[in-house]
Amino acid sequence: MTMQFQFSVLFYLGFFGLLSIAWRHIAKAQNFLNKPMTLIVSSAPAGPIDAAGRMLSDYLSRNLGKFLVCLLAIFFNSSISLAQNYPSKTIRLVLPFPAGNNYLIGQFLAEKLTESLGQPTIIESKSGAGGSVAIEMVAKSPPDGYTLLVTSPAITINPIINSKLKINPLKDLVPIAIVGSIPNIFVVSPASPVKNFKEFLDYAKSRPGQLTYGTGGIGSSNHFAVELLKITTGVDLLHIPYPSTTAAMTNVVGGQIDLIVGGLPSSVQLIKNGQLRPIAILTQKRSPLLPDVPTIAELGYPELVVDTWYGVLAPAGTKQEIVDKLHSEIVQIIKSPDTKERFAKAGIDPVVLTRQEFAAFLKNDYEKWLRVKNTAQLKFD
């Protein structure tokens with residue numbers, strides 16, 4: 001059954017249903033009008049304007065139901081046509097961060113959606129407030145499918161750390177598709193005496209509050225990842241926030257701080273050059289990029305599996321047909337051999353979920369980080 005046929009069936013069912021309802025209300029109105037009524041009328045003679053008014057009133061009374069049904073039919077038919085003709089103009093992919101993996105994935109999606117949808121798809125960076133600027137902008141945009149958000153865990157962490165956020169991302173945005181995830185890796189300075197995860201735990205517990213860890217800022221995803229590590233293992237580490245994860249990584253290389261949890265792709269070459277020492281990859285399975293590095297799950301801490309995922313969302317109220325079309329197109333892109341090859345080179349794992357699974361994933365991600373915030377008693381305001 002084609003989508004066009006389904007629309008047609010829904011259209012005509014709605015049409016005749018509304019027609020039946022309209023005529024029942026008109027019959028009630030006619031019964032009311034047939035009852036005796038006392039009218040106060042002017043003694044002034046009726047002029048041509050009064051006569052025309054009575055004629056128009058009589059005509060509308062007789063045809064009110066038909067007008068109502070026609071207007072509703074035009075509305076529904078226009079809505080169906082808009083969804084069927086989507087897209088008919090440029091689509092914007094709004095990015096919360098102007099660089100890094102978020103930018104790379106946004107750029108990749110823009111290229112592929114332009115090819116598959118036949119309309120230009122462009123990226124637009126709206127950085128600021130840890131991603132809140134972009135999230136609010138998209139949530140408040142018209143729900144027409146032409147302004148979309150390409151985001152990361154920022155969307156589930158922002159409501160937790162930003163009490164001034166003017167929208168609720170989990171209610172004011174509708175999930176379209178998850179795209180992929182990037183494994184995180186726990187690394188230390190090559191000058192550190194720590195060689196593996198057990199040694200790290202022993203070393204950190206013997207020096208509570210002395211080992212330092214860097215992040216991309218207070219409330220960033222790697223900040224939350226290390227706080228989860230602290231809660232789970234009982235170690236006490238000192239947080240040193242930086243303007244970016246790259247800056248923090250540079251200081252681990254230089255030995256100014258002890259450790260960091262960061263994206264695997266940006267760490268691989270530094271590890272191969274001996275500038276960082278890998279302790280564990282925060283995944284369930286080993287990475288082909290570093291096959292000799294153990295996963296946190298195999299080390300006995302599956303609850304510390306934390307990756308950085310990327311997905312696409314639209315403003316709440318976007319028509320279901322448009323959301324479904326975008327989901328279908330993105331899933332086909334993710335499943336393509338070209339995507340798998342390009343993602344593998346960049347250290348990105350392609351991920352395919354249904355829209356319902358993606359929505360449940362977002363809810364679980366939010367609840368996980370909220371528990372971390374409450375357990376660690378983190379303060380952000």
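The values are calculated or read from the model by the stated rules, or taken from the named source; none is laboratory data. Just so it is clear, the structure is predicted and the values come from calculations on it, not from any experiment. In this analysis, Cβ positions are derived from the backbone assuming ideal geometry, glycine residues included, and neighbour counts consider all displayed protein chains. Areas reflect the complete protein model, heavy atoms only, side chains present, ligands, DNA and RNA absent. Shrake-Rupley method; radii C 1.70, N 1.55, O 1.52, S 1.80 Å.
Run Lys340 past the list (1) under 30 Å from Pro208 (Cα atoms); (2) open to solvent by 50 Å² or more (accessible area, probe 1.4 Å); (3) free of Cβ contacts under 8 Å to residues at least 60 places away in the same chain and report the number of the one that doesn't hold.
(1)
Here are Ser152, Ser141: which of them is under 22 Å from Ala225 (Cα atoms) and touching a residue at least 12 places away in the same chain (Cβ under 8 Å)? Break it down stepwise before answering.
Values: Ser141 fails: under 22 Å from Ala225 (Cα atoms).
Sole residue among the options that is under 22 Å from Ala225 (Cα atoms) and touching a residue at least 12 places away in the same chain (Cβ under 8 Å): Ser152.
I'm checking my understanding of the structure. Among residues of the range 295-305 that are open to solvent by less than 10 Å² (accessible area, probe 1.4 Å) and under 15 Å from Asn222 (Cβ atoms), which one is nearest to the chain's Cα centre (by Cα)?
Leu304
Quickly run through the range 150-179 and pick out the residues that are of a type in the set (Ser, Thr, Tyr) and buried (at least 18 other Cβ atoms within 10 Å of the Cβ). Give the derivation first.
Taking the range 150-179 as the starting set, the residues that turn out to be of a type in the set (Ser, Thr, Tyr) are 151-152, 156, 163.
If the condition is that a residue be of a type in the set (Ser, Thr, Tyr) and buried (at least 18 other Cβ atoms within 10 Å of the Cβ), then Thr151, Ser152, Thr156 are the ones that fit.
From the list Lys379, Lys373, pick out the single residue that is under 30 Å from Leu238 (Cα atoms), open to solvent by 50 Å² or more (accessible area, probe 1.4 Å) and not in a helix (DSSP H, G or I).
After applying the criteria, what remains is Lys379.
So how many residues does the range 358-381 have that are within 14 Å of the chain's Cα centre (by Cα) and touching a residue at least 60 places away in the same chain (Cβ under 8 Å)? If you could, list the steps in order and put the result at the bottom.
Initial filter on the range 358-381 (within 14 Å of the chain's Cα centre (by Cα)): 358-366.
Within this subset, residues satisfying the condition of being touching a residue at least 60 places away in the same chain (Cβ under 8 Å) are 358-359, 361-363, 365-366.
Here the count works out to 7.
State all residues of the range 293-327 that are part of a helix (DSSP H, G or I), under 21 Å from Thr151 (Cα atoms) and of a type in the set (D, E, K, R); if no residue qualifies, say none. Outline the logic, then answer.
First, the residues of the range 293-327 that are part of a helix (DSSP H, G or I): 302-304, 320-327.
Subsequent filtering for residues that are under 21 Å from Thr151 (Cα atoms) retains 320, 322-327.
Listed by number, the residues that qualify are Asp324, Lys325.
Considering every residue within the range 201-216, establish whether at least one is at pLDDT 95 or above, in contact with a strand residue (DSSP E or B) (Cβ under 6 Å, 6 or more places away or on another chain) and within 22 Å of Ser127 (Cβ to Cβ).
Within the range 201-216, one or more residues are at pLDDT 95 or above, in contact with a strand residue (DSSP E or B) (Cβ under 6 Å, 6 or more places away or on another chain) and within 22 Å of Ser127 (Cβ to Cβ).
Which one of these is at pLDDT below 95 and either crowded, with 17+ Cβ neighbours inside 10 Å or outside any loop (DSSP other than H, G, I, E, B) (or both): Pro265, Pro288? Step through it out loud before you land on a result.
Details: Pro288 fails: either crowded, with 17+ Cβ neighbours inside 10 Å or outside any loop (DSSP other than H, G, I, E, B) (or both).
Going through Pro265, Pro288 in turn, just one is at pLDDT below 95 and either crowded, with 17+ Cβ neighbours inside 10 Å or outside any loop (DSSP other than H, G, I, E, B) (or both): Pro265.
Tell me yes or no: at least one residue of the range 349-359 is open to solvent by 60 Å² or more (accessible area, probe 1.4 Å), part of a helix (DSSP H, G or I) and either within 30 Å of Gly234 (Cβ to Cβ) or at pLDDT 95 or above (or both).
yes
Which pairs do you get when a residue that is closer than 14 Å to Lys319 by Cα, found in the range 170-181, comes within reach of a residue that is open to solvent by less than 20 Å² (accessible area, probe 1.4 Å) and aromatic (Phe, Trp, Tyr), reach meaning Cβ atoms under 9 angstrom, with the pair 6+ apart or on two chains?
Pro175/Phe358; Ile176/Phe358
So Asp236 clears everything in (1) assigned to a loop (DSSP other than H, G, I, E, B); (2) over 22 Å from Asp202 (Cβ atoms); (3) more than 25 Å from the chain's Cα centre (by Cα); (4) not hydroxyl-bearing (Ser, Thr, Tyr) except one condition, right? Which one?
Failed condition: (2).
Of the residues Ile271, Ile330, Ile218, Ile231, only one is crowded, with 19+ Cβ neighbours inside 10 Å and either assigned to a helix (DSSP H, G or I) or touching a residue at least 12 places away in the same chain (Cβ under 8 Å) (or both); which? So that I can check it myself, show each step before the final result.
Values: Ile271 fails: crowded, with 19+ Cβ neighbours inside 10 Å; Ile218 fails: crowded, with 19+ Cβ neighbours inside 10 Å; Ile231 fails: crowded, with 19+ Cβ neighbours inside 10 Å.
None of the other options fit; the residue is Ile330.
Looking at (1) among the polar types (S, T, N, Q); (2) touching a Leu at 6+ places or on another chain (Cβ under 9 Å); (3) assigned to a helix (DSSP H, G or I); (4) surrounded by 15 or more Cβ atoms within 10 Å (Cβ to Cβ), which is the only condition Thr250 fails?
Here Thr250 meets the rest and fails (2).
Filter the range 280-312 down to the residues that are farther than 18 Å from Gly262 by Cβ and of a type in the set (Gly, Ala, Ser) and list them by number.
Ala297, Gly300, Gly311, listed by residue number.
Any residue that is of a type outside the set (Gly, Ala, Ser), open to solvent by less than 20 Å² (accessible area, probe 1.4 Å), assigned to a helix (DSSP H, G or I) and modelled with pLDDT of 90 or more - is there at least one of those in the range 126-140?
Yes, the range 126-140 contains a residue that is of a type outside the set (Gly, Ala, Ser), open to solvent by less than 20 Å² (accessible area, probe 1.4 Å), assigned to a helix (DSSP H, G or I) and modelled with pLDDT of 90 or more.
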